[in-house]
Every structure is written in C-alpha cells, then in structure tokens.
Amino acid sequence: MVLVSGMLLMPLGMAFGIPVLTIAVKRYTDNDNRTFAFGLYYLVMNVAALIAGPVSDACQVIVGPSGIDLNGLHITRFRALLLISTFISGLQVIVACFLKDVTLSSEGNVTQFDPLKTVSFRSRLKSVGLLFKDVLFWKLLVLSLAILGVRMVFRHMDATLPKWMIREIGEDARYGMVIAINPAMVILLVPFVSATTKDWDSYDMILYGSIISATSVFWLCFDASYWNAVLFVAQLSIGEVFYSPKTYEYFMTLAPVGKEGLYTTFSNAPLFAAKFAVGGVSGMLLEDYCAENSTSRQCWKMWLVIGCITMTSPLMLCAIKGWVTRTNKRLVAVEMCDNPAWRKQEDSTD
C-alpha cells in the first residue's frame, strides 16, 4: 500500500514541481542574467545526480545487505534511501514556505506577481482550448518533438549502456564510473558555457548541442572498450551543456506571462510519453543484436540503430528552424508576445 501510494504521489509531485521550478527561474531573473540562472539551475540538478550514486553506495555499506534494526524498525538499504529523500524533501517544503511569488522586470524592479485566483473552472478550460489555437504553442510543441531523439539517448545511457558493457567488456565492467562522467562534466562546464554564451542565439545553441550529442552514439559502433564508452559519455555531455539549459530558457522566455505552466506542460508531454518506449526499444535491440548468451553478437548494429534515431533531432531542427525562429524574432520586439493585438494578427497570418 505504501509503495503504491508513493508511486502515485511521486509523479503528481513531479508534475507540479518541474514546471514551477522553471517558471520561478524565469520570474526571478531578467534578460541579463537569465541564461546564467538556467545554467545554474541545470547544474544543481546534475549535482544531485552525481551525489545520488555515492549516497546509495554509502547506504549499502552502512546498512549492509541484511539491514539493521533501529528502535524496532527494520531498515534496509532502500528504506534508508527513502528516509533520506523524505528528509531532504521536508527541508525543501520548509524553504518553499519562505519564498515569495514575485517577478523581476528588465529595469530591476521586483513586484508581487498577481495570479488570477478568481478565474472560474470553465474559463480555465477555455484557456486550454485557446492554447491549441495558438501558433506559438504549436511551434514549441514541434520543437519539443524535434529534440526527442537526442533526449532519448540519455535513457539509453542508463538502460542500454550498462548491459552492453557487461556483455561486451565483462561482468566486472565499471559502468557506474563511466556514467558518472556525465554529471561531473556538466557541473564543471555549465557555469563557463552559460557565462560565455549568454548573447548567443538560443536556437543555434540547441541545434549545435544536439549535433554534438547525437553523433556521440557512433563511438560505440567501434570496438567495445572503456575508451569508446568514455568518449561517448564525454561528447554526449558536452552537447548537453550547450543545448539542455538553453532549451529550458527558450521555452520559458517565449511562454506568455501567466501561462508558462500550460505551455511547458503540454509542449513537453511528448518527452514523457517517449520514455515509455525507450525501455521496450532497448530490450528489443539488446535481444536482437546483443543477446546475453549469444555467441555471434553484433552490438555495433544496435548502436547504429540508436544513432540513426538520435540523428533525427538535428535533422528536424535544421528543417524547422526557419518556421520556428521567424516568428520568435518578432516576439522579442513585442516583449515576449504579451501584446494581444499582435498575437491575434500573428495567428491570422500564419
């Protein structure tokens, strides 16, 4: 019962938390420091990812394989991890109680954000309906679909890479250390890249970053070795540093004030839907080309297929660039599409 409740409540918390965090970064920053702020936000997420592994190993060492008894409660490794996570989440709740819902103007003035609390449920449903008539929303949705391929490769790094290393390099393959290169490089590179590229075009950075990350998969088409695995993760991480923080910033900057949650939730829905497919695709590819007990494995074909799927992202980004950025450059001139008259005119021309 507790497990089922946790599995139901955790997605609900993430559904509320992820859009709210990105909206907060937008409202607490201005145009001069927003790029660095989103880079810092992404850095903190990767610090958590880097710490999670050692914490899990520490719990295993301290608690042991059979667990320990504490005041009549049997604590296992996974229970210890859940208790630590619950404690940290409790601290976050306390900190959140002291945060204010404010917005920062381009002139540096801090004002209280006034949400529409009196809007009826019918009006909110109408807003969702109008969302699907908004050209800007469809452009962000298509952009989200375009970067699906390169985002899915991170799931393959977690789900497919460890099995490949065990079957090709050996049972004692240190895949955890290889995967840890990703958050470590992101932590080191994000502050530098965010500070030096704040004036670069966001779409171009997403495009170039996706090219770097997408082509990284092809290292694994060569010999099965630690070097190729390290090169794959390292190149993937470099591309991630360029495109991922900029993607958060790009979506938040173009979303109209007060509707950021709707825009980010619906436009990112394809990403969460695609995660269901990655596990199945990984299993089928492993079974077909890199089976555990097979004597004639051709694992390079598996990575070739994954690489071709990943390359759809930069190809689609190149194809839709003119359509997506044509309107976005004009949005900047009218203060991030807050002008209703212009938005109505834009809908009619597109």
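Can you pull out every residue in region 60-89 that is open to solvent by 60 Å² or more (accessible area, probe 1.4 Å) and among the small types (Gly, Ala, Ser)?
Ser66, Gly72, Ser85
Among Arg151, Arg79, Arg124, which is the only one that is basic (Lys, Arg) and modelled with pLDDT under 75?
Within the list Arg151, Arg79, Arg124, the selection yields Arg124.
Exactly one of (1) under 27 Å from Ala291 (Cβ atoms); (2) open to solvent by 20 Å² or more (accessible area, probe 1.4 Å); (3) over 21 Å from the mean Cα position of the chain (by Cα) is unmet by Gly170. Its number?
Failed condition: (2).
Looking at region 286-299 only, could you name the residues that are out of contact with any Asp or Glu (no Cβ under 8 Å at 6 or more places or on another chain) and either surrounded by fewer than 18 Cβ atoms within 10 Å (Cβ to Cβ) or not in a helix (DSSP H, G or I) (or both)?
Scanning region 286-299 gives Glu287, Asp288, Ala291, Glu292, Asn293, Ser294, Thr295, Ser296, Gln298.
Could you give every pair whose Cβ atoms fall below 6 Å, whose first residue belongs to region 135-152 and is farther than 20 Å from Val278 by Cβ, and whose second residue is open to solvent by 30 Å² or more (accessible area, probe 1.4 Å) and in a helix (DSSP H, G or I), counting only separations of at least 6 or pairs across chains?
Val135/Asp347
Residues of region 247-262 being in a helix (DSSP H, G or I) and in contact with an Asp or Glu (Cβ under 8 Å, 6 or more places away or on another chain), which ones?
Met252
Does region 189-232 hold any residues that are open to solvent by 30 Å² or more (accessible area, probe 1.4 Å) and within 18 Å of the chain's Cα centre (by Cα), and which are they?
Leu189, Pro191, Tyr208, Ile211, Ile212
Those residues that are over 19 Å from the mean Cα position of the chain (by Cα) and either in contact (Cβ under 8 Å) with a residue 24 or more places away in the chain or under 23 Å from Leu189 (Cα atoms) (or both), I need them from region 35-81; list them, please.
Correct list: Pro54, Val55, Ser56, Cys59, Leu81.
Would you check which residues across region 25-39 are part of a helix (DSSP H, G or I) and in contact with a helix residue (DSSP H, G or I) (Cβ under 7 Å, 6 or more places away or on another chain) and list them?
Of everything in region 25-39, those that are part of a helix (DSSP H, G or I) and in contact with a helix residue (DSSP H, G or I) (Cβ under 7 Å, 6 or more places away or on another chain) turn out to be Val25, Lys26, Arg34, Thr35, Phe36, Ala37, Phe38, Gly39.
The values are calculated or read from the model by the stated rules, or taken from the named source; none is laboratory data. It should be emphasised that the depicted structure is a prediction, and the values quoted were computed from it without experimental measurement. Reconstructed Cβ throughout: ideal geometry from the backbone, glycine too, with neighbour counts over all protein chains shown. To get the accessible areas, we keep the full protein, side chains included, count just its heavy atoms, and leave off ligands, DNA and RNA. Shrake-Rupley method; radii C 1.70, N 1.55, O 1.52, S 1.80 Å.
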